[in-house]
């Protein structure tokens, strides 16, 4: 990683959740502390890279699905470090005029994203913390780029499991949903502990020392995040079961248990006011 994009005031000894994600994907935008923490997590859940790749593939399929249904505005909250096949890249393949806003609260992520996307006119990168959704919704630059009177697709991918219960994650989602016009959609993905509940405490412990704390949740704790949305088929399912392009499933993933849930829901006229 280029030290110029890290900014001032960061502590290289603190593992960064976004850079750990990059390491899981096989990227190079990570530091020794990130790699050490990531390897500790992999000892508990060695199949994490599979889930993360499937999450990126879900992103691609979901954005394509939404663009093909006429969505021209995308709001990716908790975007993380830019990688291949980002939201704006997929969207413009199907809708060249699509507008995208990336939101993150990590100064290193923001600096990196702005450096890479500064010459992309239909894309904006803004600072925002999902734990304070109204600040995001009121952001001037975001409001200038996206028209909230028209449908918007909000992406909350692999971010809600970093929001503790004390911050009321379901209420956060409801507040964002209530600000959206009818015809908008929300796409959500969240790690589920059903398949490996015995390793969840160990993973949570590793993230206690990182920039964001991981929260292990079971299916029953994740389902309320989709309330108030009209889920499109096939509903809330494992990543590889959401409108797959390729029927092949990695044999190391047990299909019968929830391990990384996702879904896309539409904001209907009767529910748009939260």
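So here's what we get for this one:
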item	result
DSSP-defined beta bridges in the stretch 46-266 - what % are antiparallel, rounded to 5	40 percent
Value of relative contact order over the chain, rounded to a whole percent, pairs C-alpha under 8 Å and six or more apart	19 percent
Exposure proxy order (Cβ contacts within 10 Å, fewest to most) of 214, 58	214, 58
Gained length - residue 35 relative to residue 148, 0.36 nm times residue gap less alpha-carbon distance	36.7 nm
Along each principal axis, Cα extent of the stretch 1-105, largest first, Å	44, 34, 18
Rounded if a/c under 1.5, otherwise prolate or oblate - the stretch 63-138, Cα gyration tensor axes	oblate
Kirkwood hydrodynamic radius over Cα pairs of the chain, then Stokes diffusion coefficient at 10 °C and 1.306 mPa s, in µm²/s	84 µm²/s
Extension gain from residue 199 to residue 97, taking 0.36 nm per residue of separation minus the Cα-Cα distance	32.3 nm
Projected label distance in nm at residue 115 and residue 131, using a 7 Å step from Cα toward the beta-carbon	2.7 nm
Alpha carbon convex hull of the stretch 115-261, projected area averaged over orientations, nm²	11.0 nm²
Separation of the residue 257 and residue 219 label points, Cα + 7 Å toward Cβ, nm	1.2 nm
Spacing of the two label points (7 Å from each Cα toward its C-beta) at residue 231 and residue 138, in nm	3.4 nm
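Here, each number is a calculation from the coordinates, and none is a lab measurement. Only a predicted model underlies this, so the values are computations on that prediction, with no experimental measurement involved. Every residue, glycine among them, receives a Cβ derived from its backbone with ideal geometry; neighbour counts consider all protein chains shown.
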